[in-house]
1. Are there DSSP H segments in the chain that both extend 24 Å or more along their axis (alpha-carbon positions) and score a mean Kyte-Doolittle hydropathy of at least -0.5? List them, or say none.
2. I'd like to compare 24-33, 98-107: which one has the highest average count of other Cβ atoms within 10 Å, and what's the full order after that?
3. Averaging over all projection directions, find the projected area of the Cα convex hull of region 59-134 and quote it in nm² with one decimal place.
4. Using a Förster radius of 22 Å, what is the FRET efficiency between Q195 and W37 based on their Cβ-Cβ separation? Nearest 0.05, please.
5. Multiply the residue gap between N111 and W96 by 0.36 nm, knock off their C-alpha separation, and tell me the result in nm, one decimal place.
6. Going 7 Å from the Cα of K57 along its beta-carbon direction, which residues of region 6-32 have the amide nitrogen within less than 14 Å of the resulting point?
7. Sorted from largest down, what three extents in whole angstroms do the Cα atoms of the chain have along their principal axes?
Amino acid sequence: MKKTAAYGVHLFTALGAGLGLWALILTYNGFYKETVWVLAIAAIIDSVDGALARLTKTKEHAPAIDGALMDNIVDFLTWTIAPLLWIFATMGIPTWVLVICAISSVFGFTNTKAKTEDHFFLGFPSYWNIVVFYIYLLELPVIFASAVLLMFAIVTFLPVKFVYPSRTEYLRPFTLILGSIFTIQLIALLYYFDQSPPWLIYSSFLFPFYYFGLSFFVNIKSAETSP
């Protein structure tokens, strides 16, 4: 039973690969809103499969499958390749910019120190889904959108800590509360899509500002305490 549960969690994670392929096909066929919904479902799976893996002890009961490697493969497809193709199709971002983002993301996903022992991400954690969605909603000019994308690509290589929302202990309850509100706002934005009211778009920036602010504070604190 425990073995079945463990392999079931791996199958649950692997579903993300199917969703990622579906998202690529939808984008290719011009179903841009549907693409975002599919990627949102993939993100939901990604947000809970880690906890399920720890709960079912997949390393112990399904040792033949490398869950971390599987998760990275799926995430690279659903958090990097699919959203980058989507923003290319919807806004015409230059190919070379997206190529740089994809390459930086490869280094991010293969960095053995990308997740610290105190449960932070080191370097930009490839939240390309969220970045490109806001670029689209805000209708940023291509030159500014490209600059934003390149900035995050560069930050991928920097030794900067970013909060791991579900695992970073510092202010975790507050982070989870704001994160839950943000999730609801994102669902509303997905529903309205390119008809999203400005107040909803701008109010949804509360959590991203909090997230980057908290991450910045943590880095300052770490710098002060380091020898």
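Just so you know, all these numbers are worked out from the coordinates, no wet-lab data involved. Given the structure is predicted, the values throughout are model-derived calculations rather than measurements. For neighbour counting, all protein chains shown are included, and Cβ atoms are generated from backbone atoms with ideal geometry for every residue, glycine included.
1. Details: long enough: 2-28 (40 Å, 0.93); 32-56 (36 Å, 0.91); 172-192 (30 Å, 1.41); 206-225 (28 Å, 0.72).
Span-like helices, by this rule, are 2-28, 32-56, 172-192, 206-225.
2. Working: 24-33: 14.8, 98-107: 17.5.
Averaged packing, sorted descending, gives the order 98-107, 24-33.
3. 6.1
4. Details: r = 15 Å, r/R0 = 0.68.
Approximately 0.90, to the nearest 0.05.
5. Values: separation 15, 0.36 × 15 = 5.40 nm, distance 2.28 nm.
Gain in length upon complete extension: 3.1 nm.
6. Backbone N within reach: 6-7.
7. For the chain, the Cα spread along each principal axis is 50, 48, 33 Å.
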